[in-house]
Amino acid sequence: MPAVTGLLRRYDQGRVLKAVFYGLVVGVAATLAFDYRELARENALAELAEPGVEPVLPGLTEDGEPLPGDVETPRETLRQQLAIALEPGGTLSLTGTIGVGSADRFGEEIARIGEYVTQVRLDSPGGSVHDALAIGQSIHDRGYETVVKKGALCASSCPLAFAGGIQRTAETGATLGVHQVFAPGNDERDPASAIASAQTTTARIQRYLEAMHVDPALWTLAMETPPNRLHYLTPDEMRTLRLTGGSAVAEAAAQ
């Protein structure tokens with residue numbers, strides 16, 4: 001009888017140990033699932049903080065629609081990925097769509113030939129906000145001038161790169177325009193996340209414009225313009241908003 005009792009006791013202990021073991025497994029699994037969800041949420045928020053949002057310019061999305069204003073650059077050229085080329089006289093031309101990764105390519109080119117560059121010429125329908133901001137910051141850090149030539153286009157996120165210039169020139173006949181940012185294609189984020197993304201992007205852009213000595217009211221015009229339209233900036237608006245002209249950095253250096 002004592003032997004049987006001992007056997008039962010060991011059997012009960014084994015059942016208890018198994019229950020504890022399975023309980024631990026379930027607990028660890030639940031913890032991992034929670035941590036995974038939190039990690040995914042944090043990654044999503046990180047993406048929202050620095051989104052690769054690629055606004056699309058109306059007129060380039062459908063064949064047959066005219067290009068805005070007095071743009072002379074062919075549609076096919078503007079739709080291609082950003083081409084970076086050094087021209088005579090120290091002008092670095094940026095032509096085409098600013099895609100995700102364009103800022104990295106720009107940085108590589110600047111590291112290679114930056115000492116020969118004095119001016120950046122823009123002709124772009126825009127694209128990735130993150131890349132446009134990074135390109136503009138690099139332009140500013142290098143002390144380059146920016147220019148949009150007659151017949152060229154600088155729209156959507158392109159004016160953000162343009163704003164990085166120490167001296168900014170939009171020639172008569174150049175077309176500059178802004179609109180709301182948006183992510184084309186299937187956006188599966190819930191409305192709250194979409195709103196958070198828009199607010200975070202707007203705050204980041206406004207801080208950048210302030211740092212570039214451009215009136216952040218420029219982006220108010222963008223926020224008031226639906227993403228399928230453009231607000232074309234007049235020469236008076238560009239001057240009033242300090243998008244064109246010399247930045248405070250250049251003015252301080254001249255004193």
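The values are calculated or read from the model by the stated rules, or taken from the named source; none is laboratory data. In this text, all values refer to a predicted model and were calculated from it rather than measured experimentally. Positions of Cβ are generated from backbone atoms using ideal geometry, with glycine treated the same way; all protein chains shown enter the neighbour counts. These area figures cover heavy atoms from the full protein model, side chains too; ligands, DNA and RNA do not enter into them. Shrake-Rupley method; radii C 1.70, N 1.55, O 1.52, S 1.80 Å.
For A217 and D141, the difference between the fully extended length at 0.36 nm per residue and the C-alpha to C-alpha distance is 25.1 nm. Listed peptides 125-135, 170-180 appear in the order 125-135, 170-180 once ranked by packing, highest mean of other Cβ atoms within 10 Å at the front. With a Förster radius of 22 Å applied to the C-beta separation of R239 and D70, the computed FRET efficiency comes to 0.70. Under 5 Å from the amide H of G246 lie the amide H atoms of R168, each residue being 5 or more positions distant or on a separate chain, with H modelled from the backbone and absent for Pro and chain starts. Each Lys or Arg adds one and each Asp or Glu takes one away; over the other residues whose Cβ falls under 10 Å from the Cβ of H231, this sums to -1.
Computed with every protein chain present, the accessible area of I84 is close to 30 Å² [probe 1.4 Å].
Enclosing the Cα atoms of the stretch 73-190 in their convex hull gives a volume equal to 105 cubic angstrom per residue. Does a label point 7 Å from the Cα of K150, set along Cα-to-beta-carbon, have any residues of the stretch 160-184 with amide nitrogen under 15 Å, and which are they? Output list for this probe position: 170-175.
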